[in-house]
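The values are calculated or read from the model by the stated rules, or taken from the named source; none is laboratory data. Everything numeric here is computed off the predicted structure, so don't read it as measured data. Positions of Cβ are backbone-derived with ideal geometry, glycine not excepted, and every protein chain shown enters the neighbour counts.
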Amino acid sequence: MGRDDLPLLAAWLGRPHVRRWYGERGSLDDVVAYYGPSIEGQEPRDHYVVELEGRAVGMLQTYVVADHPEYAAVIGIRDRHTAGADILIGEEELTGFGLGTEILMRFVRDVVFARPETTRCVADPDLGNVASVRAFEKAGFVRIAEFVDPEDGRLHALLELTR
């Protein structure tokens with residue numbers, strides 16, 4: 001993902017089906033301020049645009065959990081062998097057909113586990129986001145815990161997939 005993708009990401013984040021789970025992300029300037037540093041290599045997260053038949057339809061991100069100590073403490077994982085992954089499908093008409101599961105399976109296999117030292121990947125969808133939890137489970141992730149995310153105060157599932 002590059003800076004030129006941020007207007008589209010801001011639009012996706014503003015759509016009700018995304019905003020419901022990602023929260024209010026504000027203006028394009030807010031999205032640039034949040035995602036820009038990692039795009040420029042100043043923060044340890046990698047972002048990817050999902051394309052389907054040449055059309056941008058979503059976003060993925062991955063990171064080493066230990067590079068985010070506050071989050072690592074919340075989920076109780078501090079090793080350097082665990083990566084995190086997040087997904088959003090920005091085009092609502094493409095949800096509900098298994099696309100998220102297929103994207104996750106390929107992304108974890110081809111990107112997350114391409115880092116040789118990564119032996120496990122975790123995700124933390126909001127427990128109320130049944131479709132997201134189910135997409136991760138269909139992609140092979142197993143629920144290992146539940147926790148309240150201090151950022152949104154909501155209950156989240158902690159799911160993992162090991163290599």
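For the stretch 10-24, give me each residue that is over 15 Å from the mean Cα position of the chain (by Cα) and either modelled with pLDDT under 90 or closer than 15 Å to ASP152 by Cβ (or both). Correct list: GLU24 only. Within the stretch 146-158, residues that are under 17 Å from ALA85 (Cα atoms) and among the acidic types (Asp, Glu) sit with their Cβ atoms under 6 Å from residues that are in a strand (DSSP E or B) and modelled with pLDDT of 90 or more, at 6+ positions apart or across chains, in these pairs: GLU146/LEU155; GLU146/ALA157; ASP149/HIS156. Scanning the stretch 23-50 for residues that are of a type in the set (A, V, I, L, M), more than 21 Å from THR101 (Cα to Cα) and not in a helix (DSSP H, G or I) yields a total of 0.
For the structure I just gave you, tell me whether VAL108 is touching a helix residue (DSSP H, G or I) at 6+ places or on another chain (Cβ under 8 Å) and modelled with pLDDT of 95 or more. Considered against the rule, which asks whether it is touching a helix residue (DSSP H, G or I) at 6+ places or on another chain (Cβ under 8 Å) and modelled with pLDDT of 95 or more, VAL108 comes out as no. Do you know which of the residues in the stretch 100-112 that are surrounded by fewer than 18 Cβ atoms within 10 Å (Cβ to Cβ) and among the hydrophobic types (A, V, I, L, M, F, W, C) is farthest from LEU52 (Cα to Cα)? Filtering the stretch 100-112 for residues that are surrounded by fewer than 18 Cβ atoms within 10 Å (Cβ to Cβ) and among the hydrophobic types (A, V, I, L, M, F, W, C), the one farthest from LEU52 (Cα to Cα) comes out as VAL111. Going by what's in this entry, would GLU53 be described as of a type outside the set (Gly, Ala, Ser), at negative phi and either at pLDDT below 95 or surrounded by fewer than 16 Cβ atoms within 10 Å (Cβ to Cβ) (or both)? Here the answer is no, as GLU53 does not meet what is asked.
State whether one or more residues within the stretch 144-153 are surrounded by 17 or more Cβ atoms within 10 Å (Cβ to Cβ) and closer than 21 Å to ALA66 by Cα. Give the derivation first.
Of the residues in the stretch 144-153, the ones surrounded by 17 or more Cβ atoms within 10 Å (Cβ to Cβ) are none.
No - not one qualifying residue is present in the stretch 144-153.
I need a count of the residues in the stretch 6-50 that are on the phi > 0 side of the Ramachandran plot and in contact with an Asp or Glu (Cβ under 9 Å, 6 or more places away or on another chain). So the count comes out to 1.
Consider PHE113 carefully, then state whether it is more than 21 Å from ALA11 (Cα to Cα), out of contact with any helix residue (DSSP H, G or I) (no Cβ under 7 Å at 6 or more places or on another chain) and in contact (Cβ under 8 Å) with a residue 40 or more places away in the chain. Steps first, answer last, please.
Working: more than 21 Å from ALA11 (Cα to Cα): yes; out of contact with any helix residue (DSSP H, G or I) (no Cβ under 7 Å at 6 or more places or on another chain): yes; in contact (Cβ under 8 Å) with a residue 40 or more places away in the chain: yes.
Criteria met by PHE113.
Sort through THR82, THR62, THR119 and tell me the only one that's surrounded by fewer than 17 Cβ atoms within 10 Å (Cβ to Cβ) and at pLDDT 95 or above. Write out each step before concluding.
Details: THR82 fails: surrounded by fewer than 17 Cβ atoms within 10 Å (Cβ to Cβ); THR62 fails: surrounded by fewer than 17 Cβ atoms within 10 Å (Cβ to Cβ).
Going through THR82, THR62, THR119 in turn, just one is surrounded by fewer than 17 Cβ atoms within 10 Å (Cβ to Cβ) and at pLDDT 95 or above: THR119.
The C-beta contact set for the stretch 69-89 (first residue under 30 Å from LEU99 (Cα atoms), second residue surrounded by 12 or more Cβ atoms within 10 Å (Cβ to Cβ) and of a type in the set (D, E, K, R), distance under 6 angstrom, 6+ apart or interchain) comprises THR82/ARG120. For GLU92, the conditions (1) surrounded by fewer than 12 Cβ atoms within 10 Å (Cβ to Cβ); (2) of a type outside the set (A, V, I, L, M, F, W, C); (3) touching a Pro at 6+ places or on another chain (Cβ under 9 Å) are fulfilled apart from (1).
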